[in-house]
1. For the subset of segment 103-117 comprising residues that are open to solvent by 20 Å² or more (accessible area, probe 1.4 Å) and small (Gly, Ala, Ser), which member is nearest to Phe60 (Cα to Cα)?
2. Among the numbered criteria (1) open to solvent by 20 Å² or more (accessible area, probe 1.4 Å); (2) closer than 18 Å to Pro305 by Cα; (3) in a helix (DSSP H, G or I), which one does Cys243 miss?
3. Just name the residue that is modelled with the lowest pLDDT out of those in segment 164-181 that are surrounded by fewer than 22 Cβ atoms within 10 Å (Cβ to Cβ) and in a loop (DSSP other than H, G, I, E, B).
4. Could you look through segment 71-102, keep only residues that are surrounded by fewer than 17 Cβ atoms within 10 Å (Cβ to Cβ) and in a loop (DSSP other than H, G, I, E, B), and pick out the one that is nearest to the chain's Cα centre (by Cα)?
5. Taking into account only those residues within segment 5-17 that are closer than 18 Å to Tyr250 by Cβ and touching a Phe, Trp or Tyr at 6+ places or on another chain (Cβ under 8 Å), which is most open to solvent (accessible area, probe 1.4 Å)?
6. Test Phe35 against the stated conditions and say whether it is among the hydrophobic types (A, V, I, L, M, F, W, C), touching a Leu at 6+ places or on another chain (Cβ under 8 Å) and either more than 27 Å from Tyr171 (Cβ to Cβ) or open to solvent by less than 40 Å² (accessible area, probe 1.4 Å) (or both).
7. Check whether at least one residue in segment 139-147 is in contact (Cβ under 8 Å) with a residue 12 or more places away in the chain, closer than 17 Å to Leu67 by Cα and among the aromatic types (Phe, Trp, Tyr), and report yes or no.
8. Anything in segment 296-314 that is open to solvent by 80 Å² or more (accessible area, probe 1.4 Å) and either in contact (Cβ under 8 Å) with a residue 12 or more places away in the chain or part of a loop (DSSP other than H, G, I, E, B) (or both)? List them, or say none.
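The values are calculated or read from the model by the stated rules, or taken from the named source; none is laboratory data. Worth saying up front: this structure is predicted, and the values here are computed from it rather than measured. Cβ atoms come from the backbone with ideal geometry, glycine included; neighbour counts cover every protein chain shown. Heavy atoms of the whole protein, side chains included, go into the accessibility calculation; ligands, DNA and RNA do not. Shrake-Rupley method; radii C 1.70, N 1.55, O 1.52, S 1.80 Å.
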Amino acid sequence: MDIYFAPLEGLTDSVYRRLHHQYFPGGVSCYFTPFFSPTVHRSLTAREERELPLAQDLGFPVVPQLLTKSAEDFLWMTQVIRDRGYSQVNLNLGCPSGTVVSKGKGSGMLSDPEQLDRFLEQIFSQACLPISVKTRAGFRSCEEFASLLELFNRYPLAELILHPRSRKDFYTGPIDMDSFRLALENSRAPVCYNGNLCSLEDLRAFRKAFPQCGAVMLGRGLIGDPGMLAPGGTDRKKLEEFCNALLEEYLICFGGSRNAMFRLKENWRYLLCRFENAEKLGKQLRKTTDLSEYRRITAQIFTLPLKPQLTPDW
């Protein structure tokens, strides 16, 4: 079974992906980038240039993700992605963010199947790369998924990555496994499961229940336990080295400590769930704006016992 690292905006950037592969190689089959939003200006920003290095320079598989409702913008960016050496592109139909949905993008596109159909027809008829789709099971309700699957089956998707919640459910509503079973049984494209797999125990249970599924996508579980897939599991020393390397690279990238710490505090929201009795230090970490204090607190966290596995509180 292939294991993909999910795209998480503000978390799995190019620095994170490179260092994760360096410190915990072998477990992840492919990394997906947080979404790019191409515009009519037909140029990449400095940040986008940094986030889309030449594929040949990476040393591990990456699939760039696009978020747009414009077929023309999608096709232009797909050409850029191909020219940089990537072999596939992913369409984001899953983002539930209010600012994204209000613009008719991400999971907002699921609310208008006719318009989505026109969009898919144009990109699949003209794209220069295979296209996978990452989607929710519906906009208002997962009951919409049967008709959405019929729509997807009209097109040669490279893969259907399904997060079986509706947009309304965001990330805390119930998982609708009936939608996932429907996809497994009826999708013309290979199906990948995404949602609430946060430990090796979760993975083993999923594999046992769905041996016919060829891929899963892990997100917050891998952020909270970056070494989950490494031989022997998470090693405290390796995890500390990884987090320290992230800090040093972000200090350079962001030109100062404030933004570097802000970026890493979001990681720590999930990482803290891997440590015993980390609540007090976690509160201190969230409040600090001083780099020396940040280093002191995180060093203390790494002296705490590791839990047998990640225990999410999100």
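1. That would be Gly104.
2. Just one mismatch for Cys243, condition (1).
3. Restricting to residues being surrounded by fewer than 22 Cβ atoms within 10 Å (Cβ to Cβ) and in a loop (DSSP other than H, G, I, E, B), the top hit is Gly173.
4. Ser97
5. For segment 5-17, the residue satisfying everything is Glu9.
6. no
7. yes
8. Answer for segment 296-314, where residues must be open to solvent by 80 Å² or more (accessible area, probe 1.4 Å) and either in contact (Cβ under 8 Å) with a residue 12 or more places away in the chain or part of a loop (DSSP other than H, G, I, E, B) (or both): Thr303, Pro308, Asp313.
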